[in-house]
Amino acid sequence: MKLKQESGRKGLVNVVLVTTGFVISIVALLLVSSQKPFGVSLNESELSIAQSVNIETVKYQENYILSRDFIGQVEAAQTSHIGFEIFGTVAQIKVDEGDAVNKGDIIATLNIDRLNTQKIEAQAMLIQAKANAKLANDTYRRISEAYQRDAFSVQEKDEALQAKNGAVANVDAVKARLNTIEVNINKSLLRAPFDGIVVARNVDEGSVLNVGQTLLTLEKTGDNQARFGLPSSMLDQISVNQQLTAYRRNVPIDVVVKSILPATNSARSFDVIASIIQTQTPLRSGDVLKLPLEERIQARGFWVNNTALREGRRGLWTLYIANDIDAGVSGNDVVKNALKATHSVSQRHVEIIDAQSGYSYVRGSVDDGEKLVTEGSHKLVSEQVVRLASGKEEGTIQ
């Protein structure tokens, strides 16, 4: 009986001890809860060090530089659509598309059988005309001598002079015709007007061509230029004789603005013609060039790394601002010591104005000089306490 009483007292003592320990734990948790700042939940995170973050100071600016790449195309400074100056049948074309030619090279010929026949005929006519001229001259000479002896009248003498002059004129006419035939024979040989490349061949041998009909298209080599299309907003950054650097497959190419052509379309884009003055690689017509230019955009805002942004609602984005935890305020010292926290974060909304190379230019409910959390925003919630990453100095967002 005595043993049962002692056993009962020991059980009662154990119950009291367990109950007392549970009450003490509850009181301790309540004390800690009463001393922590708003936003820190009662979970295992209270027993670990606060999340570390990097922060930078926001500095607004009134404008920013927008880097843009404009695409252009290499073209020949001189392009000629060449053909024969006389009509005829094409006898031979000595070049094809892509072939290089030198100035003066014979690149095509016409059939000249008709011209050769005309030449032979004209040569015979010239012989006859010269004979007639000689006879007319001798006749005039004899009549002039006889006229001195009153053997011929004045009219007869004048008629002999007219015949002589007509015969001489006929010789000149036949010579002119023969020269024309010679010129046409020479024009039946089509020569390259400059050093260039054949970019188009329009006809083949045997084709009958009209005067001036295009046979080949040549582009001049060694004197290329580039044509870029620019919007009107960029024209104040471009001037004639300005030197710029374009790129072809990351190879720099120096160009000089040659002319700015007026807008010819509804998009109000302007053609800028630039002479190519230096290149490390050969360029051909049709090669694509990239021209990087900078445009100053008037808009107040600041740059942020995209890692600081989270997508919000209605086209807005959110980021976190770090606020210092004030020392001396009830509970703050406990949080700073226990969790090593230095800041608490608050959420702000911003609008993206522009984006370049992993950064965005934004504006919104952020004040100049506030501290921005630059990365890890997806791990944060509003009013969470954080600490500044060790070894990281505060920079400036601008």
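For the reader, a short list of remarks on this structure follows.
- Qualifying chymotrypsin sites (Phe, Trp or Tyr not before Pro) in the range 59-161, where qualification requires a DSSP coil assignment and no more than 10 other C-beta atoms within 10 Å, are lacking entirely.
- Cross-link partners for residue 59 among the aspartates and glutamates, with Cα-Cα distance under 19 Å and sequence neighbours closer than 8 places in the same chain left out: 324, 351, 354, 367, 368, 370, 375, 393, 394.
- Hydrodynamic estimate: the Kirkwood radius of the range 338-393 over Cα pairs, inserted into Stokes-Einstein at 4 °C and 1.567 mPa s, corresponds to D of 98 µm²/s.
- Rg ratio (alpha-carbon, reference 2.2 N^0.38 Å) - the range 150-198: 2.31
- Straight-distance candidates among the aspartates and glutamates for linking to residue 290, with alpha-carbon spacing under 13 Å and chain neighbours fewer than 8 residues away dropped: 69, 254.
- Each 5 Å bin from zero holds the following percent of Cα-Cα pairs in the range 53-183: 2, 7, 9, 9, 8, 7, 7, 6, 6, 5, 5, 5, 4, 3, 3, 2, 2, 2, 2, 2, 1, 1, 1, 1, 1, 0, 0.
- Set 340/379; 119/187; 119/164; 94/175; 134/175 screened for pairs whose C-alpha atoms are more than 22 Å apart: 119/164; 94/175
- Of the whole protein surface, residue 353 contributes about 50 Å² of accessible area at a 1.4 Å probe radius.
- Length added when fully stretched, residue 127-residue 162, from 0.36 nm per residue minus Cα-Cα: 10.6 nm
- Size descriptors for the range 73-146, from the alpha-carbon set: Rg then Dmax equal 24.1, 84 Å.
- Probing with 1.4 Å while keeping every protein chain in the model, the per residue accessible area of the range 94-238 equals 58 Å².
- Inter-site label distance for residue 213 and residue 290 at 7 Å from Cα along Cβ, in nm: 4.6
- Net charge, residue 291 excluded, C-beta distance under 12 Å - Lys, Arg +1, Asp, Glu -1: +1
- Using the Cβ-Cβ distance between residue 176 and residue 142 with R0 set to 45 Å, the FRET efficiency from 1/(1 + (r/R0)^6) comes to roughly 0.95.
- Environment charge at residue 275 (Cβ cut-off 9 Å; Lys +1, Arg +1, Asp -1, Glu -1): 0
The values are calculated or read from the model by the stated rules, or taken from the named source; none is laboratory data. Since this is a predicted model, take the numbers as computed values, not measurements. Please note: Cβ atoms are built from the backbone with ideal geometry, for glycine as well, and neighbour counts cover all protein chains shown. Note: accessible area is taken over every heavy atom of the protein model, side chains too, but ligands, DNA and RNA are not part of it. Shrake-Rupley method; radii C 1.70, N 1.55, O 1.52, S 1.80 Å.
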